[in-house]
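Below: the structure, in structure tokens.
The values are calculated or read from the model by the stated rules, or taken from the named source; none is laboratory data. If you're wondering where the values come from, they're calculated on a predicted model, not measured in any experiment. No Cβ is skipped: glycine too gets one built from the backbone with ideal geometry, and neighbour counts run over all protein chains shown. In case anyone asks, the SASA skips ligands and DNA or RNA and just uses the protein heavy atoms, side chains included. Shrake-Rupley method; radii C 1.70, N 1.55, O 1.52, S 1.80 Å.
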Amino acid sequence: QNIHLVAKWLSSLEKKLEQHSEGSHPDFRVFISAEPAPCPESHIIPQGILENSIKVTSEAPTGMHANLHKALDNFSQDTLEMCSQEKEFRSILFTLCYFHAVVAERRKFGAQGWNRPYPFSTGDLTISVSVLYNYLENSSKVPYDDLRYLVGEIMYGGHITDDWDRRLCRTYLEEFIKPEMMEGELCLAPGFPLPGNMDYNGYHQYIDDALPPESPYLYGLHPNAEIGFLTQSSEQLLRTVLELQPRECNAGEGGAGTREDTVKALLEEMLEKLPDEFNMAELMAKVEERTPYIVVALQECERMNILTAEIRHSLTELELGLRGELTMTSDMESLQNSLFLDVVPESWVRRSYPSTASLGSWFADLLARVNELEAWTRDFSLPSTLWLGGFFNPQSILTAIMQTSARKNKWPLDKMMLQCDVTKKSREDFASAPREGAYIHGLFMEGARWDAQAGIITEARLKELTAAMPVVFIKAIPDDKQDSRALYPCPLYKTRQRGPTYVWTFNLRTKESPCKWVLAGVALLLQI
């Protein structure tokens, strides 16, 4: 509906309610139902109505216990008795209830749960059960593949827009809906076997008696996932509290000076440390042949120049504004706020790279990136190990590795892929770049860790949320040479926000089933 019309109608409703507040029938009541607004601009219910009303909210259940009961509440004893293949129908129905509870509640783990949030609803569950009923009534055998496809790719998959989330949804169903479920050999979670043939109340009782206490294990995640999500929630809360602080506050006895003094000191320090822009004409003159690697280096220098020029311009302008030599504009004020709150300013973010760091860490990281580029552009020879996280566009250097090998070996570029070999060494152990490909340092793993001795992915250590990876050797190979057995296709992201920060997929060796790492949300990160 048109939000402006609704806002207009609500203000006239407020006036009407005011008129009827006196002299109307003592039992007169008005009921209004509303749903959560997607953004602050949609907060259109007038304050007068909110203040004078009793508010009743319907909260979604939290935790697997409540979610599983609620999923089962959509059915009854009659549902369980309606199918001729009763045993199969009941087992798969209970499994679908668990699947529904898992996918709905996994959202709370943020990006490690799902790359993007999805509006899974009870309608998805009830229609999946209808499909199950129709299939079992018309088939003597259980069509496991068809059921997995319809539920995973259409009923629930219809909401999913991210390929990695689609893989996750598909993997849950591969683990849950398979022939072993009829042989009493299936556990929906560690310590929670799929129950046998029970009546409706029996299933509710089984959930109360057998479901282990709430923990990330119920979702196939490592306990660290909970620590990560609780830490991020706390940081968000503290940042909000900090932003609510009064803007004008003079220092008390022995205080650190006024807000303006703090900003001035920071601003001067940043301008002093900010390096000069790269002289592109000079760099171009040094280059004899524009190889794929050199093209990437020059592109990165250009991007860095745009960012550092904006930083220098905006800081110099604010400095003049604080001295009273320029009129303060709204942009200068928002820059001043950002500096005071230790947040990366909006105009810098627009010319920058994805980052979750506070301003102090972000600026130190920026200086480190400039140093790497300066070292590389001295003679343009490829560094012994590349800091992949230090690039504006990490895909470009990975593509350059493929282009270089394609030219050297006369391979078609579209029939190639990158092979990822994790070494046992750290950055200091490498004195020169490899003959072909590149060594890469500075990667982290979330959801698991790398066992350098065994050369495989293994369980994360408790409280070690993002384990550092050894140096990785990346080289290009024809795509028919890749042995895909015992490999986990691991997504690489720029930050812990995942989703749109996706860079590449590296195949990593694993002894355990790759499904385990899919459910655990295991990914490589360029920065933490």
Tell me which lysines have Cα within less than 17 Å of LYS264's Cα, excluding those fewer than 8 residues away on the same chain?
LYS273
Under a 5 Å amide H to amide H cut-off, with H placed in plane at 1.01 Å, what residues pair with LEU188 once short-range neighbours are removed?
LEU194
Sequence ranges 266-274, 407-415, ranked by mean other-Cβ count within 10 angstrom, highest first:
266-274, 407-415
Are any of the pairs LYS415/LYS494; LYS15/LYS55; LYS425/LYS516; LYS178/LYS481; LYS424/LYS475 more than 22 Å apart by Cα-Cα distance, and if so, which?
LYS415/LYS494; LYS425/LYS516; LYS178/LYS481
Taking Cα pairs closer than 8 Å and at least 6 residues apart, the relative contact order of region 404-528 in percent is 31 percent
Given a 1.4 Å probe, how much area per residue of the chain is accessible, in Å²?
54 Å²
Using alpha carbon coordinates only, what is the Rg to Rh ratio of region 382-527, with Rh defined as the Kirkwood radius?
0.95
Mean separation of Cα pairs under 8 Å and 6+ residues apart, divided by the residue count of the chain: what relative contact order is that in percent?
12 percent
Please work out whether the chain counts as rounded, prolate or oblate from its C-alpha gyration tensor, where a ≥ b ≥ c are the square roots of the eigenvalues and a/c under 1.5 means rounded, while otherwise a/b larger than b/c means prolate and anything else oblate?
oblate
Carbon + sulfur, % of accessible area of the chain - ligands and nucleic acids excluded, 1.4 Å:
51 percent
Mean Cβ neighbour count within 10 Å, used as a protection proxy, ranking 500-509, 208-217 highest first:
500-509, 208-217
Kindly work out what percent of the DSSP beta bridges joining two residues of the chain are antiparallel, to the nearest 5.
90 percent
If you average the C-alpha positions of region 311-378 and of region 469-528 separately, how far apart do those two centres end up, in angstrom?
33 Å
